[in-house]
């Protein structure tokens, strides 16, 4: 009797041990299955990401081939894209006509980044390169921000008829305000011109009211379109395109490179 009880205890212990081992085995098997599943899911996600990345790369390469996107990429690689730029015949120029380097600026008088270039960069370029005969500066109107941009461009060219484009150009930037808020109304444009002594205000007013410079501004704008200009300032240094406002050193580096050629 005692032996039977002992056997029962031993068998019960073995049964419990087997149950524990089985439970551990089942748990390990389940954990293993979960692990394998997670690895499979992770591999699938990695493969999908690789395919998406490859597809995005192809899309980016396709986009890079478009002319307007090439122009925008110049914003990230200033001076890398080179275009054949032939300034319009009536564009305002400053400096030596035979200078080795020609800097052509497409700008809008309402554009705050154009004003930034005018106030922070242009003075140094004029002093260091234009006044020393190394660079010819050309200004092309690109009035794309509205009616007052067009009016200001025509007014600047009207001032140019009296050999005062550049002083008037400077004054317009000094008066820049919110876009199309009335700052560059015809009345104000005439008032600005009246600050310059010894000039014919009557002729300026007639030029402005009769839109005598509308065609010249249109020619400048169309040149910009032909060159895929889509924002201002866009600057070409011997044809090397720089889109946007950069540090003065960026422009000077490109100018110096062109002067060494």
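Assorted remarks:
- Per the listing 238, 203, the residue uniquely in contact (Cβ under 8 Å) with a residue 24 or more places away in the chain, over 18 Å from the mean Cα position of the chain (by Cα) and within 24 Å of residue 85 (Cα to Cα) is 238.
- Within the span defined as segment 144-166, one or more residues are free of Cβ contacts under 8 Å to residues at least 24 places away in the same chain and under 20 Å from residue 212 (Cα atoms).
- Here 245, 231, 194 are screened, and the one residue that is more than 21 Å from residue 143 (Cα to Cα), in the same structural domain as residue 78 (by TED's automatic domain parsing) and modelled with pLDDT under 95 is 194.
- Number of the condition not met by residue 222 [criteria: (1) surrounded by fewer than 20 Cβ atoms within 10 Å (Cβ to Cβ); (2) under 23 Å from the mean Cα position of the chain (by Cα); (3) more than 23 Å from residue 168 (Cβ to Cβ)]: (3)
- Taken over segment 242-256, the criterion of being assigned to a loop (DSSP other than H, G, I, E, B) and buried (at least 16 other Cβ atoms within 10 Å of the Cβ) is satisfied by 244, 245, 246.
- Taking every residue in segment 176-196 that is without any contact (Cβ under 8 Å) to a residue 12 or more places away in the chain and pairing it with any residue that is assigned to a loop (DSSP other than H, G, I, E, B), at least 6 positions away or on another chain, the pairs with Cβ-Cβ distances below 9 Å are 177/110; 177/183; 177/184; 178/110.
The values are calculated or read from the model by the stated rules, or taken from the named source; none is laboratory data. As the structure is a computational prediction, the values presented were derived from the model and not from experiment. So basically every Cβ, Gly included, is an ideal-geometry build from the backbone, and we count neighbours across all protein chains shown.
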